[in-house]
């Protein structure tokens, strides 16, 4: 929840997203974060319709509740990811480790780690002492493929005093900005940097879930003030998003007719770029058009075809442009 710059209503929610690489992603669970003063004040609790047994829970504790429910529903996760709010929560990390659940959690630069020599250092200090400058100790790897090509970053993998814990550092190639990930890999699972980098890169699909949910399904358009009404709105939005995400995943290969990606920076563009696969927002528009017909019958389909061809052409040119940078990385 961002800064409004004024007194305003806001809903702060902890979400659980399920991401399957190269298949799809959706929000599957949520819990409202409620400030302690609203729970302890009887007048405020009554106005917002809070249940009588509501207790204050931190975001990390709400994340534990979400994971507990997911495990009870027999969901399995290869790796759990989260931002700094969850990476800095010791209770959440201990919960996941007790279940033997691998995780890659963002942490602050001041997060303390213990090196194999026994020294306690902040993440920033560990990078300065153990990795050094941009010329050594870094590996350029892709954090995943986006619509414009691969997301290239420099990565450093720092060992800790525990053989199961690692510090993964991401450095932006242009700005040098650092991001720190505290990782846990249980015994018997592969502790390789490629797996951890791939997991860290799955944060982008989660952000896409929020983008789609807000821009196309009204996730941030709730005007309710009652606890139950907010919960109903959130569940309905997540259900609509999940239906469209599953449909898009099933139609991905059948609706993808993009031209082969470029292989050289000077390759001429194809005469026909093809169409990108149907996306979650487009599935939502098609379903909405089936229920409401303000335009001519073929309007929505023609518009989607134009947009998908335009996106396919733009993606091809973006990928060709990025080949110049990728060749420089290889060389």
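The values are calculated or read from the model by the stated rules, or taken from the named source; none is laboratory data. Keep in mind that this is a model prediction, so the values were computed, not measured. Note: ideal-geometry Cβ built from the backbone for every residue, glycine included; neighbour counts use all protein chains shown.
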Could you say whether any residue in the stretch 238-258 is touching a strand residue (DSSP E or B) at 6+ places or on another chain (Cβ under 7 Å), assigned to a helix (DSSP H, G or I), within 22 Å of residue 150 (Cβ to Cβ) and at pLDDT 90 or above?
yes
Which one of 62, 66, 96, 105 is in contact with a helix residue (DSSP H, G or I) (Cβ under 8 Å, 6 or more places away or on another chain), closer than 23 Å to residue 28 by Cβ and not in a strand (DSSP E or B)?
96
Within the stretch 186-227, track down each residue that is in a loop (DSSP other than H, G, I, E, B), surrounded by 15 or more Cβ atoms within 10 Å (Cβ to Cβ) and at pLDDT below 90.
191, 202, 222, 224
Would you point out the residue of the stretch 109-133, among those that are touching a strand residue (DSSP E or B) at 6+ places or on another chain (Cβ under 7 Å) and assigned to a loop (DSSP other than H, G, I, E, B), that is farthest from residue 314 (Cα to Cα)?
116
Test: residue in the stretch 69-79 that is surrounded by 15 or more Cβ atoms within 10 Å (Cβ to Cβ), closer than 19 Å to residue 188 by Cβ and touching a helix residue (DSSP H, G or I) at 6+ places or on another chain (Cβ under 7 Å)
yes
Which of the residues that make up the stretch 277-295 are touching a helix residue (DSSP H, G or I) at 6+ places or on another chain (Cβ under 8 Å) and either assigned to a helix (DSSP H, G or I) or in contact (Cβ under 8 Å) with a residue 60 or more places away in the chain (or both)?
280, 281, 282, 283, 284, 285, 286, 287, 289
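For (1) at positive phi; (2) assigned by TED's automatic domain parsing to the domain that holds residue 24; (3) surrounded by 13 or more Cβ atoms within 10 Å (Cβ to Cβ); (4) free of Cβ contacts under 8 Å to residues at least 60 places away in the same chain, each residue gets a yes or a no:
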{"residue": "231", "(1), (2), (3), (4)": "no, yes, yes, no"}
{"residue": "244", "(1), (2), (3), (4)": "no, yes, yes, yes"}
{"residue": "262", "(1), (2), (3), (4)": "no, no, yes, no"}
{"residue": "272", "(1), (2), (3), (4)": "no, no, no, yes"}
{"residue": "304", "(1), (2), (3), (4)": "no, no, yes, yes"}
{"residue": "312", "(1), (2), (3), (4)": "no, no, yes, yes"}
{"residue": "316", "(1), (2), (3), (4)": "no, no, yes, yes"}
Qualifying positions in the stretch 211-237 - more than 18 Å from residue 17 (Cα to Cα) and touching a strand residue (DSSP E or B) at 6+ places or on another chain (Cβ under 9 Å):
227, 230
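Yes/no matrix, rows are residues, columns are (1) without any contact (Cβ under 8 Å) to a residue 24 or more places away in the chain; (2) in the same structural domain as residue 183 (by TED's automatic domain parsing); (3) buried (at least 17 other Cβ atoms within 10 Å of the Cβ):
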residue	(1), (2), (3)
114	no, yes, no
124	no, yes, no
131	no, yes, yes
145	yes, yes, no
154	yes, yes, yes
158	no, yes, yes
What do you reckon, is residue 174 at pLDDT 90 or above, in a loop (DSSP other than H, G, I, E, B) and surrounded by fewer than 18 Cβ atoms within 10 Å (Cβ to Cβ)?
no
Of (1) within 26 Å of the chain's Cα centre (by Cα); (2) loosely packed, with under 13 Cβ neighbours inside 10 Å; (3) over 30 Å from residue 35 (Cβ atoms), residue 284 satisfies every one except (2)
